[in-house]
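For reference, the structure is listed below as structure tokens.
Read-outs throughout are calculated quantities, based only on the coordinates presented, and are distinct from any laboratory measurement. Please read these numbers as outputs of a predicted model, since none were measured by experiment. Because the Cβ atoms are built from the backbone with ideal geometry, glycine has one as well, and the counts that use them run over all protein chains shown.
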Amino acid sequence: MKSGFSNPTDQLKMTVYASLCAALTAVGAFVAIPIGPVPIVLQNFFVFLTGLVLGSRWGLASVGIYLIAGILGFPVFAGGAGGIGRIIGPTGGYLIGYLPAVFIIGVIVEKRRANLYLDIVALVSGSLIVYFFGVSWLKIITGMSADKAIAVGMIPFLPGDALKIAAAIASARVLRRTIGAPLTPRPFTS
Amino acid sequence: MRPPLGKAAGVMADLIPFSYRNNHTLLHRYDVRCKMLSFIALSLTTLKAEAFGLLLISCIVITALSFLKGRILVIFYELRFFIFFLFFVFIIRTFSTPGSPVFQNPWIPATREGIYQGGCLFWKMLLIALLSLVFISTTKPSQTKEALKRFFRPIPFVPEERLAAMITLMIRFIPLILDEIQEIKDAQRSRCIENRKNPFYRIKHLTIPLFRGLFETAGELAEAMESRCFGEGSTPMMLSSGTIDWFCLAMVLVGCLLIILS
Amino acid sequence: MNVIEIQNLTHRFPDGSLGLDHIDLTIRAGSFVLITGENGSGKTTLLKHLNGLLFPTAGSVIIDGKGISEDPLHARQAVGLVFQNPDTQIVGETVSEDVAFGPENLCLDRNEIEKRTHDVLTILKLLPLASQRPHLLSGGEKRRLAIAGVLAMKPKVLALDEPFSSLDYPGTKQVLKQILSLHESGHTIVMTSHDIEKIAAHAERVVVMKKGKVALDGPPDQVFPDLERFGVRPPCALRWGKPLESWLI
């Protein structure tokens, strides 16, 4: 038997799921609400979800694909634009920060699947990582002071993030059930 | 099993800004590898360029934009958020850069140096955004994918086939997600979800079926790909590059070097 | 000659439930077989075995002389499987790119791929839409594209899962017409449907499934009167004692 042509491989399924998560992240970026220099987006919600559901390796692949597509100019970043300009633009730090964030989220939740406290710890650390990268870059590019950068680039988003974390955990619970045993077709499907 | 999405549902997919537009301009025919390298080189040079270089690159960008006839206004409309952010950066730069004040009024601490620096930054970012926009509207996603595959091939440990396939899949999923959202929303509106004022209730009832449906669709898609013999190898796409393509690329690279060195 | 030989096929899902239960079925090359039965009777599971997407837990499935477990790639080429929901099987960014997907995966020569794509699009009357985005096609067009996608791999057998579901009348007629002409050009057609009205006049053989087993198997005039018992509505014409009539007339 040729490898890669057995029963639909988990790998192909995970490849497709990771691409789907990347696409969801892109859709999350379309609905950008501009407040100040950093818009409110749903991107980070989907990055959280990706980490929770796909784990570290596939999560990293998913976010990596998302960023590469964006750098190549596909319209996947906030407000429906793309391009290298976004990565080096004022909000680029957040985008780059998604990579380590999703990886750490994945690493933490892989320790014990579907544990509520672990999920919360993972997402809180994930969002702190995103802010670390995001705010640092915002400070560099705009020349603002650290206090100011935190004031416009982090504080306004914290309440929203708490909601996003709650929503991501709730959604992940449902999705893990859908994907967790995705490789087993339901009996008598027609 | 959900029914296939109808034609009416496809409308939202059309609203995606910055997609490939079929046409036969010079830029469309420019070999994708050369085009990609040229655009990356130009973007990076823009970052380093001073006034003269920026002027030169601006001319190139304006020429390139003229190939996308009739879309200029649309383009600026699509870029409105980005321009808004850039403007914000401009304002902050204007106020935070030390130098000689423009106005005597102490309430407006703008400096000449700040205006110059902020203006340059604004212009650079805008140029880079426009560059990638020109690239995306004149290049088929499948060409981009093929070019990507070839660029990543020499790099060890990067599964270029898979990477390219994932990008294609991702681009393919975006309109599907938008349509699905619209369909679920409509279905729920028909059952009077608008009477529920609680946003959490409404979000929950949108996202849960959305995610479940999408991940099931993704599973089916994986199966369909499997049934059409998707594996690690496939016929490469033909990319033809003539002397002219490489000549153009060389011109761009030389130009970029000159701008950086000057 | 039998293009499909299924012997004693049993499929048990990983959760332990039984999907297919001791199925014996041989399908002659060039025939037109309709597989019917209520929802959940195992029709789709059976089709997925023809294509090597699922492997038997027990028994064997032999496609064109080779077992699917030994050579699934052969099965995937020999049997083109058209899924129920065309949205989940269209991968390309344009119509012609989607058709080329299968042949590309077979690593065929680029010229051959282009020839096949062109031929298949012509047969299915999709040529004017070749550079269109698949997402924007109508239901009938999408279904024809899904058929085109597997046809480009030159299968001997065309397996269609509920090909008429959620199609309007013109769409149904378009798809039906294509299926019939593919049958005429020598393809073996295996089709599942729980609503047999649209295809009743054309099927040469009807297989009725119930709870993962083959309950009835025979020519239409013998099987149709008994259908009611297996949760499938017999064609209207029979109730009124009239001859079956094609939807294409």
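Values for this structure:
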quantity: C-alpha center-to-center spacing [the range B:133-155, the range B:169-241] in angstrom; calculated: 24 Å
quantity: Equivalent-ellipsoid semi-axes of the range B:160-227, from the Cα gyration tensor, Å, largest first; calculated: 31, 11, 10
quantity: Peptide B:131-144, shielding by other chains (average Cβ, 10 Å cutoff); calculated: 4
quantity: Semi-axis lengths, Å, chain C, gyration tensor of Cα atoms, sqrt of 5 times eigenvalues; calculated: 28, 23, 15
quantity: When chain B is reduced to its Cα atoms, the Kirkwood hydrodynamic radius in Å; calculated: 22.4 Å
quantity: Gap separating the Cα centres of the range A:42-78 and the range C:37-86, nearest whole Å; calculated: 35 Å
quantity: Equivalent-ellipsoid semi-axes of the range B:29-139, from the Cα gyration tensor, Å, largest first; calculated: 32, 15, 10
quantity: Under-5 Å amide H pairs with C:Met209, H placed in peptide plane, nonlocal only; calculated: C:Thr36, C:Gly37, C:Ala215
quantity: Whole-Hz ³J(HN,Hα) from phi, Karplus 6.51 cos²θ - 1.76 cosθ + 1.60, for the range C:86-98, glycine and proline x; calculated: x, 4, 8, 10, 8, 10, x, 8, 10, 4, 6, 5, 5
quantity: Under 5 Å, built H, 5+ apart or other chain: amide partners of C:Ser69; calculated: C:Val61
quantity: In degrees, nearest ten, helix B:160-189 long axis to first principal axis of chain B (Cα); calculated: 70 degrees
quantity: Which of A:Trp137, B:Trp123, C:Trp240 has the fewest Cβ neighbours within 10 Å, and the rest in rising order; calculated: C:Trp240, B:Trp123, A:Trp137
quantity: All Cα pairs of the range C:4-83, percent lying beyond 17 Å; calculated: 42 percent
quantity: Highest to lowest packing among B:130-140, C:191-201, C:108-118, A:59-69, scored as the average C-beta count within 10 Å; calculated: A:59-69, B:130-140, C:191-201, C:108-118
quantity: Using θ = phi - 60° and Karplus 6.51 cos²θ - 1.76 cosθ + 1.60, couplings along the range C:230-245 (whole Hz; Gly, Pro as x); calculated: 9, x, 10, 7, x, x, 3, 4, 5, 4, 8, x, 9, x, 5, 10
quantity: Distant alpha-carbon pairs in the range A:99-145 (separation over 14 angstrom), percent; calculated: 53 percent
quantity: Peptide-level mean, for C:136-149, of C-beta atoms on other protein chains within 10 Å; calculated: 2
quantity: Simple Cβ-charge dipole of the protein assembly as shown, Lys/Arg +1 and Asp/Glu -1, about Cα centre, in debye nearest 20; calculated: 1320 debye
quantity: Ordering of A:143-152, C:3-12 by packing [mean C-beta count within 10 Å, highest first]; calculated: C:3-12, A:143-152
quantity: 222 nm mean residue ellipticity, helices alone, for chain B (DSSP H n ≥ 4; -39,500 (n - 2.57); rounded to 500); calculated: -23000 deg cm²/dmol
quantity: Whole-Hz couplings from phi, Karplus 6.51/-1.76/1.60, listed for the range A:11-28; x for Gly and Pro; calculated: 5, 5, 4, 5, 4, 5, 4, 5, 5, 4, 4, 4, 5, 4, 4, 5, 5, x
quantity: Ascending count of other beta-carbon atoms within 10 Å, so fewest first, for A:Leu175, C:Leu244; calculated: C:Leu244, A:Leu175
quantity: Ranked packing of B:36-47, B:184-195, most packed first, by mean Cβ within 10 Å; calculated: B:36-47, B:184-195
quantity: Under 5 Å, built H, 5+ apart or other chain: amide partners of C:Ser31; calculated: C:Ile189
quantity: In degrees, nearest ten, helix B:80-96 long axis to first principal axis of chain B (Cα); calculated: 40 degrees
quantity: Value of Rg/Rh across the range A:10-180 [Cα atoms, Kirkwood radius]; calculated: 0.96
quantity: Shielding by partners - mean other protein chain Cβ count within 10 Å, residues of B:172-183; calculated: 5
quantity: Rg/Rh for the protein assembly as shown, where both radii come from Cα atoms and Rh is the Kirkwood radius; calculated: 1.02
